[in-house]
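One structure coming up, written as structure tokens, with questions to follow.
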Amino acid sequence: MTLEEKVAQLVGFWVDQGDETVAPMAGEMATSTRYEEASIHGMGHLTRVYGTRPVDPSERAGWLWSEQRRLRAETRLGIPAIVHEECLTGLATWKAATYPTPLAWGAAFDPELVEQVGTQIGESMRELGIHQGLAPVLDVVRDPRWGRVDECIGEDPYLVGTVGTAYVRGLQSTGIHATLKHFVGYSASQAGRNHAPVSMGRRELEDVMLPPFEMAIRDGAVRSVMNSYAAIDGIPVAATPEYLTEILRDRWGFDGVVVSDYFSVAFLHTMHAVAADLGEAAHLALEAGIDVELPTGDAFVAPLIERLRDGRTDIGLVDQAVLRVLRQKEELGLLDETFDEAPQGVDLDSSEHRSLARRLAGESVILLSNDGILPLARTPRRIAVIGPNADASEALMGCYSFANHVLPHHPGTPLGFDVPTVLERLTAEFADTDVVHEAGCDVEGDDESRIASAVNAAREADVVIAVVGDRAGLFGRGTVGEGNDVDDLELPGLQRRLVEELRATGTPVVMVCLTGRPYALGWAIEGENAPAAVLQTFFPGEEGADAIAAVLSGREAPSGHLPVSLPRSSGSQPYSYLHPLLGGPNEITSADNAPVLAFGHGLTYSSFERRLSTVDAVPAGGRFTAEVRVRNTGSREATDLVQLYAHDEFATVARPLAQLVAYTRVSLAPGDEAVVRFDVPTTRFALTDRSFRRVVQPGDVELWVGPDCRTKESIARVTVSGDEYLVTDADPRVVDVTLG
């Protein structure tokens, strides 16, 4: 291979990129090179062929097949390009199904279902000739002010790891390579500000941020990883061999490809200022372990070639990366693919897609509070459906959905698939009821002119459904999403005022939150004038409105649980339930950072009783069984989330007061019971010791089950005995679950 042919395999090209803001500083960083010139020596990646503009999938597939044939026939080596796309809430292309956002995956606590979703998404991608998906996001939530919280799964590394690994398995079962994002530390930015510096000790990195990535690599055999934009303790991850080589490859054995987050190689020069020019930025990234520059070759083409020719960069770094990329193309079957016939009549929103989207949306709806008004068993005479998100399809979808990521740049373009609104589904659900609608206010802004009419509608109704929350978008377009960070965790705009004025009418109010982050809802949960019930949904996708309507009517019982703590205030952030004694409220400080509702909280329309039993002792490095007897003590069928927590009472480093050890969903009829057996490896208690070794230390561990992390309904203790155990690569990371 010539030097130009090698470098061509290490870059992408964004064929369709225009002035749309769909990546950070895209307009400033995009190369001006014409595609014909850029691809003369071959091409590593084609960037977002389907996901940049609203193009008909079948027509675009025809273009892609012909382009791949051209690369085979008209370049000397004849190597086709990898096609990558975003797939965080489904394949991000026009007319494709939109699933619940990843924070809703976490709320469902159902890895098996998420794996099925990943499989369905992967099949659509494979049909369109796509090879690599830029998902899942395995950043552990640390601060809800961060705009990208809706892309994350939760604030617990075990939940993130198990659910994220399930998605990897599903996607890769179809022959698509998943890409873990964003390795590592991105979500711990100062004050929740996008791209802000990260100040994190090594132990927090090892015990909280790294485990989900390790699980997806070791247990999910993921084939691609994307670097974080973050600079940790002043050193950008994109220029740090410690993360991208020593941990990822040398310690964990990852042998896939590392791709750069969009423009992050150039950012080493333009934003982090650790490289004097783009050539040096390319050198630092290659040396750290980045193989492919995405979305374009700003640094890896001309600037890098200049350094290679004058000897400032060793060609061995390029050769190493090229071999990894060619190996990936071989794994994907690209080296033998002939691209004979493009698909026609592609259906990206089939009944199978919608069924899975509906199941996941249903399992993710969280009932935060309820004074008994729900379910609405007696059909009301009149329902007032009020709020800015009541009749808005886009309010159901996350930031990386095509609808909110791309279509705002193309006004007038239809969604291309059916996304019923909450108002539409409630009107159908309560067909014999007079359903009236008032927006009341916008999601953002201070226009109060419509509040009075909403209040009048509430006075004349039997019940009010107030649908409030977020509008996902990018870089200032919307209230949540990439670049939409906040310093206030109140509901945006006038929405709190709207709900409080509705409540003051005396008509019962049910508040439905369609959001991408948890908000400070203490006033709605604990206040004297709190709504009669509060439902929390995290962007539940195209079938989300039906899931909400079913829970409100009682057609289905809610079964979602908080994958993140419900914050008390913005001033209490950053907060994690994984805090030691002095990290939470205590007698030494007057500041109360305890969340309004704890991680794991979620009500349903029944009640459950849980009893825990286990062994007295287990050797360090061994396994033990924790048995939970669960009984439905209510009057209707419902699903319980069995949550097992632990606290290491004394250790050589400060330990969290609560740590999720295992979980599973159990559906039971009234009066029925089940026995859940958790086969727990003691590596679930492992910690990074003072010498930064991963160990299991002997000592007493308190275990409990309950409806959330802080409610100890049934307690047991196990003594970890023997000598300290050094965790090995072969040790299990996941708890096995059986039902009896």
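Yes/no matrix, rows are residues, columns are (1) surrounded by fewer than 17 Cβ atoms within 10 Å (Cβ to Cβ); (2) of a type outside the set (Asp, Glu); (3) farther than 29 Å from Pro212 by Cα:
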residue: Tyr605; (1), (2), (3): no, yes, yes
residue: Arg610; (1), (2), (3): no, yes, no
residue: Phe624; (1), (2), (3): no, yes, no
residue: Glu627; (1), (2), (3): yes, no, no
residue: Ala638; (1), (2), (3): no, yes, yes
residue: Leu644; (1), (2), (3): no, yes, no
residue: Ala658; (1), (2), (3): no, yes, no
residue: Ala662; (1), (2), (3): no, yes, no
residue: Ala669; (1), (2), (3): yes, yes, yes
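Quick one: count up the residues across segment 100-119 that are surrounded by fewer than 24 Cβ atoms within 10 Å (Cβ to Cβ) and of a type in the set (S, T, N, Q).
2
From the set of residues in segment 671-689 that are buried (at least 19 other Cβ atoms within 10 Å of the Cβ) and of a type in the set (A, V, I, L, M, F, W, C), which is farthest from Val628 (Cα to Cα)?
The qualifying residue farthest from Val628 (Cα to Cα) is Leu687.
Can you say whether Ile130 is part of a loop (DSSP other than H, G, I, E, B) and either under 12 Å from the mean Cα position of the chain (by Cα) or surrounded by fewer than 24 Cβ atoms within 10 Å (Cβ to Cβ) (or both), as far as the supplied structure shows? Quick ask: steps written out before the conclusion?
Details: part of a loop (DSSP other than H, G, I, E, B): yes; either under 12 Å from the mean Cα position of the chain (by Cα) or surrounded by fewer than 24 Cβ atoms within 10 Å (Cβ to Cβ) (or both): no.
The answer is no for Ile130.
Being hydrophobic (A, V, I, L, M, F, W, C), assigned to a helix (DSSP H, G or I) and buried (at least 24 other Cβ atoms within 10 Å of the Cβ) is the filter here; which residues of segment 533-572 pass it? Walk me through it before giving the result.
If we filter segment 533-572 for residues that are hydrophobic (A, V, I, L, M, F, W, C), which is where we start, we get 533-535, 538-539, 545, 547-552, 557, 562, 564, 566.
Pick out the ones that are also assigned to a helix (DSSP H, G or I) and you get 545, 547-552.
Of everything in segment 533-572, those that are hydrophobic (A, V, I, L, M, F, W, C), assigned to a helix (DSSP H, G or I) and buried (at least 24 other Cβ atoms within 10 Å of the Cβ) turn out to be Ala545, Ala547, Ile548, Val551, Leu552.
Hey, among Glu363, Glu337, which residue is among the charged types (D, E, K, R) and either in contact with a strand residue (DSSP E or B) (Cβ under 9 Å, 6 or more places away or on another chain) or assigned by TED's automatic domain parsing to the domain that holds Pro411 (or both)?
Details: Glu337 fails: either in contact with a strand residue (DSSP E or B) (Cβ under 9 Å, 6 or more places away or on another chain) or assigned by TED's automatic domain parsing to the domain that holds Pro411 (or both).
Matching residue, one of Glu363, Glu337: Glu363.
Let me ask something else about it. Hey, Phe608 hits all of (1) touching a Pro at 6+ places or on another chain (Cβ under 9 Å); (2) among the hydrophobic types (A, V, I, L, M, F, W, C); (3) closer than 18 Å to Val701 by Cβ but one; which does it fall short on?
Among (1) touching a Pro at 6+ places or on another chain (Cβ under 9 Å); (2) among the hydrophobic types (A, V, I, L, M, F, W, C); (3) closer than 18 Å to Val701 by Cβ, Phe608 violates only (3).
Also, I was wondering about something else. Can you confirm whether segment 53-72 contains a residue that is in a loop (DSSP other than H, G, I, E, B) and within 30 Å of Val141 (Cα to Cα)?
Filtering segment 53-72 for residues in a loop (DSSP other than H, G, I, E, B) gives 53-56.
Subset that is within 30 Å of Val141 (Cα to Cα): none.
No, that holds for no residue.
Within the group Ala276, Ala285, which residue is touching a His at 6+ places or on another chain (Cβ under 8 Å) and either crowded, with 24+ Cβ neighbours inside 10 Å or assigned to a loop (DSSP other than H, G, I, E, B) (or both)? Give the derivation first.
Values: Ala285 fails: touching a His at 6+ places or on another chain (Cβ under 8 Å).
One residue alone meets the criteria, Ala276.
Residues that are part of a loop (DSSP other than H, G, I, E, B) and at negative phi: does segment 157-172 have at least one?
Taking segment 157-172 first, the residues part of a loop (DSSP other than H, G, I, E, B) are none.
No, every residue in segment 157-172 fails to be part of a loop (DSSP other than H, G, I, E, B) and at negative phi.
Given the criterion over 23 Å from the mean Cα position of the chain (by Cα), aliphatic (A, V, I, L, M) and crowded, with 23+ Cβ neighbours inside 10 Å, identify the matching residue among Ile383, Ile366.
Matching residue, one of Ile383, Ile366: Ile383.
While we're here: Which pairs have Cβ atoms under 7 Å, sit 6 or more apart or on different chains, and link a residue in segment 84-102 that is closer than 19 Å to Gly164 by Cβ to one that is hydroxyl-bearing (Ser, Thr, Tyr) and in a strand (DSSP E or B)?
Within 7 Å, the pairs are His84/Thr47.
Give segment 12-39 a look and list any residue that's modelled with pLDDT of 80 or more, part of a loop (DSSP other than H, G, I, E, B) and surrounded by 15 or more Cβ atoms within 10 Å (Cβ to Cβ), or say none.
Keep residues of segment 12-39 that are modelled with pLDDT of 80 or more, which gives 12-16, 34-39.
Imposing the further condition that a residue be part of a loop (DSSP other than H, G, I, E, B) reduces the set to 14-16, 34, 39.
Of everything in segment 12-39, those that are modelled with pLDDT of 80 or more, part of a loop (DSSP other than H, G, I, E, B) and surrounded by 15 or more Cβ atoms within 10 Å (Cβ to Cβ) turn out to be Trp14, Val15, Asp16, Ser39.
Considering each of Gln9, Gln68 in turn, give the residue that is farther than 30 Å from His601 by Cα, in contact with a Pro (Cβ under 6 Å, 6 or more places away or on another chain), modelled with pLDDT of 95 or more and polar (S, T, N, Q).
On the way: Gln9 fails: in contact with a Pro (Cβ under 6 Å, 6 or more places away or on another chain).
None of the others qualify; the one that does is Gln68.
Condition first: surrounded by 23 or more Cβ atoms within 10 Å (Cβ to Cβ) and under 23 Å from Val83 (Cα atoms). Can you find one or more residues in segment 185-208 that meet it?
No, segment 185-208 contains no residue that is surrounded by 23 or more Cβ atoms within 10 Å (Cβ to Cβ) and under 23 Å from Val83 (Cα atoms).
Using beta carbons and a limit of 7 Å, which pairs, at least six apart or on different chains, have the first residue in segment 390-404 and touching a residue at least 12 places away in the same chain (Cβ under 8 Å) and surrounded by 24 or more Cβ atoms within 10 Å (Cβ to Cβ) and the second one aromatic (Phe, Trp, Tyr) and part of a loop (DSSP other than H, G, I, E, B)?
Close Cβ pairs satisfying both conditions: Leu396/Phe539; Met397/Phe539; Gly398/Phe539; Phe402/Trp94.
Can you pull out the strands (runs of 3 or more DSSP E) entirely within segment 606-672 that have at least 3 residues that are within 30 Å of Gly201 (Cα to Cα)?
Working: elements: 608-614, 617-619, 623-632, 638-648, 659-668.
Hits in segment 606-672: 638-648, 659-668.
Step by step: first the residues of segment 623-657, then only those that are under 31 Å from the mean Cα position of the chain (by Cα) and of a type in the set (Lys, Arg), then the one that is nearest to Gly372 (Cα to Cα). Which residue is that?
The qualifying residue nearest to Gly372 (Cα to Cα) is Arg655.
Shifting gears a bit: Report, by residue number, each residue of segment 616-635 that is within 15 Å of Val705 (Cα to Cα) and β-branched (Val, Ile, Thr).
The answer is Thr625, Val628, Val630.
Residue by residue through segment 511-532, note down the ones that are crowded, with 24+ Cβ neighbours inside 10 Å and hydrophobic (A, V, I, L, M, F, W, C). Spell out the reasoning first.
In the first step, residues of segment 511-532 are kept if they are crowded, with 24+ Cβ neighbours inside 10 Å; the result is 511-519, 521, 524, 531.
Selection gives Met511, Val512, Cys513, Leu514, Leu521, Ala524.
Before we move on, is Val225 crowded, with 17+ Cβ neighbours inside 10 Å and closer than 27 Å to Gly118 by Cα? Working first, answer last.
Details: crowded, with 17+ Cβ neighbours inside 10 Å: yes; closer than 27 Å to Gly118 by Cα: yes.
Spelling it out, Val225 is indeed crowded, with 17+ Cβ neighbours inside 10 Å and closer than 27 Å to Gly118 by Cα.
The values are calculated or read from the model by the stated rules, or taken from the named source; none is laboratory data. The model shown is predicted, which means the values in this text are computed figures rather than measured ones. We place every Cβ from the backbone using ideal geometry, glycine too, and count neighbours over all the protein chains shown.
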